[in-house]
1. In the chain, which helices (entire DSSP H runs) extend 30 Å or more along their own long axis, judged by Cα positions, while averaging at least 1.0 on the Kyte-Doolittle scale?
2. Using Cα pairs under 8 angstrom and six or more residues apart, how large is the relative contact order of the chain, in percent?
3. What does a probe at Asp326 reach in region 247-283, counting residues whose amide N is under 18 Å from the point 7 Å along Cα→Cβ?
4. Among the trypsin sites (Lys or Arg not before Pro) within region 767-811, which fall in a DSSP loop and have no more than 11 other Cβ atoms within 10 Å of their own Cβ?
5. Measuring from centroid to centroid over Cα atoms, what is the spacing of region 49-77 and region 746-782 in Å?
6. Quick one: if the Förster radius is 22 Å, what FRET efficiency do Val188 and Glu421 give, using the C-beta to C-beta distance and rounding to 0.05?
7. Which distance in nm do the two modelled labels at Arg236 and His601 give, with both placed 7 Å along the Cα-to-Cβ direction?
8. Using a 1.4 angstrom probe on heavy atoms only, work out the carbon and sulfur share of the accessible area of region 14-59 in %.
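The values are calculated or read from the model by the stated rules, or taken from the named source; none is laboratory data. All values reported here derive from a predicted model rather than from experimental measurement. Because the Cβ atoms are built from the backbone with ideal geometry, glycine has one as well, and the counts that use them run over all protein chains shown. Side chains are part of the model used for accessible areas, which takes the heavy atoms of the whole protein and leaves out ligands, DNA and RNA. Shrake-Rupley method; radii C 1.70, N 1.55, O 1.52, S 1.80 Å.
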Amino acid sequence: MELPTIYDPNTIEDKWYAYWLENGYFRSKPDDREAYTVVIPPPNVTGVLHMGHMLNNTIQDVLVRRARMLGKNACWVPGTDHASIATEAKVVHRLREKGIRKSDLTRDAFLDHAWEWTHEHGGIILEQLKKLGASCDWDRTRFTMDEAYYDGVIDTFIDLFNKGLIYRDVRMVNWDPVALTALSDEEVIHKEEHGLLYHVRYAIADTEDEWLTIATTRPETIMGDTAICIHPEDERFVHLHGKEACVPLSGRRIPIVLDDYVDREFGTGCLKVTPAHDVNDCDLGKKHGLETIDIFHANGTLNEQGGKYEGMDRFDVRKAIHQDLDAAGFLVKTEDYTNKVGRSERTDAVIEPRLSLQWFLSMKELAKPALDHVMDGTIAFHPPKFKNSYRHWMENVKDWCVSRQLWWGHRIPAWFYGEEEDGFVVAKTASEALDAARIKSGRADMQLEDLRQDEDVMDTWFSSWLWPIQVFDGLKTEEEVSYYYPTADLVTAPEIMFFWVARMIIAGYEYRGEAPFKNVYYTGIVRDQQGRKMSKSLGNSPDPIELMNQYGADGVRVGMLLTSPAGNDLPFDEKLCEQGRNFANKIWNAFRLTQSWEVDHQVEQRDSSAQAIAWMKSRVNEVLLELDAQFAEFRLSEALMGTYRLVWDDFCSWYLELVKPTYGEPLDAKTYDATLELFESILKILHPFMPFQTEEIWHWIGDRSTPAEALCIAPWPTVGAMDQDLLVHFETFKQLVSEVRNVRKENQIPHRDSLVLHVDSGEGYPASLEAALIKLCNLSAIEQTKEKVPNSFGFLAGRSSFFIPFGEAVDVDAEKEKIQKEIQHITGFLKSVQGKLSNERFVGNAPESVVVMERKKESDALSKLDVLNSKLKDLG
């Protein structure tokens, strides 16, 4: 086959992914190799690929592919999360479009619809990840509602209940009136919102015209007020101790209670107390034995306790009661007010504090080892700045509300009988529950129909906190978990540090006695050019599939990683993907160049080629050493940029220019073989970042017809010897070539015209690279000199002086003017540097390295001035 002129990723990517799958390169079975395990943060089963997934999974794939090449038994476990709230909301919406209400269905009928939706839409995102190149072991794909996984979640609930850590209690919870379920604190997003502060007056009972004024942002809850609270030492209200007030509009009498919780300096110094609808009021209500009046239905409309407002939505009531209070003379004033409003992460509904009977997991003791082992470095956070917020959350951890009022999910294994508060048992099956209930109740004649299972399901995170263990069925068998656990690296977003990361660590120590992973790499948020988070609602997020179709998966992968250091947000610009595509084209064209050369085994190797090969080998080894350190510290953007420069600058711009044969002439076989060997090393380094193109070129380079010869399982290059002097000298060589080219450009000297270079060599002169210098600069000779060469262009490179004699074609006056301008510029720079060095405070207080650098600047500037003045003198 003929090598295509243009690299077309769309024809290449599907071919190689199918080849990888066909040959089972991504499959993992326990063996005697070191395990390298990564578990995918399971996306929602009905989700589709977005830019955050692209970044996260590109990073995971880079890590996994490199580990595989390092000889480790790489196991990347994919899967999806059942996402109780999100999935149920979508199913309910689809049913509504068909004219069916959830309340019209039995639980089993609704779950049939949910499973139908899951089978129809689930797994789309996993297929999309294949287009990205994700090298997951797809045979291991898990779903949090799989039968075996489901059993593990149920067993965990039962175990924690039997340990006394799960309990049932009436508490104030975050209630989502759209999803109709309780939420944990972590599922509530607090946003600053503009509203009104209502100043409302309450009449003092049994007085002619005495009032107390309170300020509230929620006048719709007035019908649930059961007290007014004042500070016991507030002299303004001493005469009201023991009195009662009347609730506006209803006239219901409520006590005036005393509590130092009240801030006398804030607002009016009086609080209305609504125990059923505010967390702090609930505490006050318990403390003072107040009545609790719940005025809301679960959907946020008012119930019969709301009087004339019964059946109205809470926000409609806010508007209506505003008018009614004003009309009745109870409204003193309103004022603009900004406060933080809690909204549901999933539905964006305003959260309603609600007293509710829920299941809770006691967290304090469970959290301790999870806190200790992050703080002592057993689990490393990258970047480590996230340890502070982790510590704050773990030190102030609250009991976890693990029940949700939904049907889609892991049903709570509690079974009720009778009406007693403790009339329930926790068991895995109905028959086990019946046995336990008979014993607990003392009723040997109890039948299955006397039991009713709890309708609620568990919080989605209660299943995913077991993910690193249960993907290997580790709660039941040691067969695989003992080999793959703990996993190596977790790549995730800091937004779910508390939802997921912290809880996985807790579960790891509770059920395995060790951390679930060794490293946590926190990605940043992908943002648009305006700094906004990319989202469907804003319409600012490109379609990842379309990006890959346009720029190739490798191009998009490179684009995502170019500017995404750990923990920092990624300012995404489509030009990054264009840069990634251009990089792929550069690699392809470099390979095409090597394949265009005619090779002659009779031709001797040039000294310039030998020098280039020696340098490039050292350069590759230098980058390999840097990569080891960068991967160890998860500095993947730096790793990619270092690789990018190795390919674009070192290999393409310098090495290939040095070794390519003169037009029309053949290349020696020794240089050709060395070039392909270097190209292969570079392909190995590039492969984790750009798997598709590198595999394609790998197979073009050599006859690799057997599956064992694929690049994706080829060994990672080992670090060889480095000639440090050569590496240093080559930097001076680059500067020297650049100076010679500048002389040609500025004086319109064609490259075909050879030049003589005179050298007054100083420390660091790259004498070993003279053959390479002659080739790139088209020099007819390099001559050593200890004197200035008259009528020549002069320049410095490193500590050496160089001169190129010029002929009569050169405009001497123009050259003198140019030199004088350069002298003027360097003199000004030197004055600035010497000003610093003559300042005793600067020299005494600046770090020694800074002072040394300034002295070097002074020395270099003086040397340049000497050369320029000398050259000016030579020009006459």
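1. Going by DSSP H runs, there are no hits.
2. Once normalised by length, the contact order is 12 percent.
3. Flagged as within label range: 249.
4. Sparse-neighbourhood loop trypsin sites (Lys or Arg not before Pro): Lys786.
5. Result: 47 Å between the Cα centres.
6. Result of the calculation: an efficiency of 0.20.
7. Inter-label distance under the simple model: 10.3 nm.
8. 50 percent
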